[in-house]
Amino acid sequence: MAQLWTRRQVLAQMGMAAAAVHTLDPHELCCTVAAHAQTASKDLFELKKVADGVYGAIAATRYKVNCNAAVIMTDDGVIVVDSHSKPSASRAMYQQIQGIAKKPVIKVINTHFHWDHWQGNESYAASNPKLEIIASERTKENLTKPDAGVGGVPYIEKQIAALPGEMDKLKADIQKETDTTKKGNLESNLQQAESFLQELKSMKPTLPTRTVGTTLTLKEGGREIQLHVLGRGHTNGDLYTFLPKEKVIATGDALIDWMPFFNDGYPEDWVTTLGAVEKLEFTHIIPGHGEVVPKSHAAFFRGYIGDLIAAVKKASADGAALAEMQAKIGDQLAPKYEAAMSKYPLGRYRDRIGQNVEMVYKKVIQKA
Ligand SMILES: [Zn+2]
Ligand SMILES: [Zn+2]
């Protein structure tokens, strides 16, 4: 009965705007994307079957981004990898899950500490008091560190502090805009920013209850789920969820179908770690952002990071200044990577290459 009550409560809460909202990462801001503050849950995520009882919940493009989730059905309940940027998004996800199986969510796995991957934890905890939230040891630490990067409990306050400025800019842009469609999109973005701010203010940060040092194997209602920490990459605590029988892996942002985000990352380690990931026997990747991709994408993505590091090292040895490097390397790597890294309105090659070069320069050459 408790489950029914919770579900009713969840549905009542769905009356709120279910807009998928996100980011203070300026490189992910995208004001040209058509976005709607009032969005049905099916427009937030599309559940795509990857194996029997295993789904990639692919997040729709919004002004404020949500991460993908992996949804794993077991006889005992549902396991969800990553919980998006806010409780209304994870409530929308929960509603969709209940549409395919009326079972409780028993475990949430957080792939890393970034805000768009864990800020929705609280709604799963509200739906099941026995919920377990699993993350790597490093991720659990990062979630309470004051300066871990773009995520964690202290980062909620930073988002609350930054949003009014972002909203002022949107208001100014709305005033200036003469094109009706673009104006409408900006107004919608402003609504999303406002509702996101309200959610942040009432957020109940819900932290991992169980941690993984290197490996943890869960035997869940007939399904084997391996959790692996394989080295530093996108962050120092990336956790991979691997289903050996179904040959599926959920990677968080350590492997995405966008350009990588390096700010809290370790470029050289990332290449090595992805090499270790590829040793696992999987055929499908549920990435942190973008569509479900085949295993071959791992080598492509690793190849990009490796080529980027090599290009930055070469340009630096040749005495190039950063601005020069950014322009030159952007063009140099474009034939191999631009088209495949620009499939979505967010995280595209030209949006991020300059930032990628700068981060690799700082982290690999300057060791900052
Ligand atoms: Zn992300
Ligand atoms: Zn991330």
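What number of residues in the stretch 157-172 are touching a helix residue (DSSP H, G or I) at 6+ places or on another chain (Cβ under 7 Å) and either within 16 Å of ligand 1 (Cβ to nearest atom) or open to solvent by 10 Å² or more (accessible area, probe 1.4 Å) (or both)? Quick ask: steps written out before the conclusion?
Looking only at the stretch 157-172, we keep the residues that are touching a helix residue (DSSP H, G or I) at 6+ places or on another chain (Cβ under 7 Å), and these are 159-160, 163, 166-167, 170-171.
From what is left, the residues that are either within 16 Å of ligand 1 (Cβ to nearest atom) or open to solvent by 10 Å² or more (accessible area, probe 1.4 Å) (or both) are 159-160, 166-167, 171.
So the answer is 5.
How about the stretch 167-236: which strands (runs of 3 or more DSSP E) wholly inside it have at least 2 residues that are over 27 Å from PHE282 (Cα atoms) and touching a Leu at 6+ places or on another chain (Cβ under 7 Å)? Talk me through it step by step, then tell me what you get.
Details: elements: 210-212, 215-220, 223-228.
Fully inside the stretch 167-236 and qualifying: nothing.
Check every one of the strands (runs of 3 or more DSSP E) wholly within the stretch 238-328 and list those with 1 or more residues that are of a type outside the set (Ser, Thr, Tyr), in contact (Cβ under 8 Å) with a residue 12 or more places away in the chain and in contact with a Cys (Cβ under 8 Å, 6 or more places away or on another chain).
Working: elements: 240-243, 248-252, 284-287.
In the stretch 238-328, 248-252 are the strands (runs of 3 or more DSSP E) which contain 1 or more residues that are of a type outside the set (Ser, Thr, Tyr), in contact (Cβ under 8 Å) with a residue 12 or more places away in the chain and in contact with a Cys (Cβ under 8 Å, 6 or more places away or on another chain).
What single numbered condition from (1) within 27 Å of MET259 (Cβ to Cβ); (2) open to solvent by less than 30 Å² (accessible area, probe 1.4 Å) fails to hold for LEU218?
(1)
Within the stretch 120-136, is even one residue away from ligand 1 (no atom under 16 Å from the Cβ), over 23 Å from VAL78 (Cβ atoms) and within 19 Å of the chain's Cα centre (by Cα)?
no
State yes or no: is GLY213 surrounded by fewer than 20 Cβ atoms within 10 Å (Cβ to Cβ) and within 16 Å of ligand 1 (Cβ to nearest atom)?
On the way: surrounded by fewer than 20 Cβ atoms within 10 Å (Cβ to Cβ): yes; within 16 Å of ligand 1 (Cβ to nearest atom): no.
When the stated conditions are applied, GLY213 does not pass them.
Please enumerate the residues belonging to the stretch 321-347 that are open to solvent by less than 20 Å² (accessible area, probe 1.4 Å) and over 25 Å from ASN68 (Cα atoms). Steps first, please.
Step one: of the stretch 321-347, the residues open to solvent by less than 20 Å² (accessible area, probe 1.4 Å) are 325, 329-330, 333-334, 337, 341, 346-347.
Selection gives MET325, ILE329, GLY330, LEU333, ALA334.
With the condition kept exactly as written, say whether any residue in the stretch 303-325 is within 19 Å of the chain's Cα centre (by Cα), within 16 Å of ligand 1 (Cβ to nearest atom) and either at pLDDT below 95 or not hydroxyl-bearing (Ser, Thr, Tyr) (or both). Quick ask: steps written out before the conclusion?
Narrowing the stretch 303-325 to residues within 19 Å of the chain's Cα centre (by Cα): 305.
Keeping just the survivors that are within 16 Å of ligand 1 (Cβ to nearest atom) gives none.
No: the stretch 303-325 contains no residue that is within 19 Å of the chain's Cα centre (by Cα), within 16 Å of ligand 1 (Cβ to nearest atom) and either at pLDDT below 95 or not hydroxyl-bearing (Ser, Thr, Tyr) (or both).
Quick one: count up the residues across the stretch 173-197 that are under 14 Å from TYR63 (Cα atoms) and open to solvent by 90 Å² or more (accessible area, probe 1.4 Å).
Number of matching residues: 2.
If you take the residues of the stretch 52-72 that are in contact (Cβ under 8 Å) with a residue 60 or more places away in the chain and more than 25 Å from SER342 (Cα to Cα), which of them is most open to solvent (accessible area, probe 1.4 Å)?
ASP52
Can you name the number of the only condition in (1) touching a Gly at 6+ places or on another chain (Cβ under 6 Å); (2) open to solvent by less than 10 Å² (accessible area, probe 1.4 Å) that ALA315 fails?
Unmet for ALA315, out of (1) touching a Gly at 6+ places or on another chain (Cβ under 6 Å); (2) open to solvent by less than 10 Å² (accessible area, probe 1.4 Å): (1).
Of the conditions (1) within 18 Å of ASN356 (Cβ to Cβ); (2) open to solvent by less than 40 Å² (accessible area, probe 1.4 Å); (3) away from ligand 2 (no atom under 16 Å from the Cβ), GLY275 clears all except one; give me its number.
Single failed check for GLY275: (1).
Looking at LEU207, LEU200, LEU227, which one is open to solvent by less than 10 Å² (accessible area, probe 1.4 Å) and in contact with a helix residue (DSSP H, G or I) (Cβ under 9 Å, 6 or more places away or on another chain)?
Details: LEU207 fails: open to solvent by less than 10 Å² (accessible area, probe 1.4 Å); LEU227 fails: in contact with a helix residue (DSSP H, G or I) (Cβ under 9 Å, 6 or more places away or on another chain).
Just a single option satisfies the conditions, and that option is LEU200.
Working only within the stretch 43-85, note down all residues that are among the β-branched types (Val, Ile, Thr) and away from ligand 2 (no atom under 16 Å from the Cβ).
As a first pass, look at the stretch 43-85 and keep what is among the β-branched types (Val, Ile, Thr): 50, 54, 58, 61, 65, 71-72, 74, 78-81.
Result: VAL50, VAL54, ILE58, THR61, VAL71, ILE72, THR74, VAL78, ILE79, VAL80.
The values are calculated or read from the model by the stated rules, or taken from the named source; none is laboratory data. Here the structure is a predicted model, which means the values were calculated and not measured. Heads up, the Cβs are rebuilt from the backbone with ideal geometry, glycines too, and the neighbour counts pull from every protein chain shown. These accessible areas exclude ligands, DNA and RNA; they are computed on the full protein's heavy atoms, side chains included. Shrake-Rupley method; radii C 1.70, N 1.55, O 1.52, S 1.80 Å.
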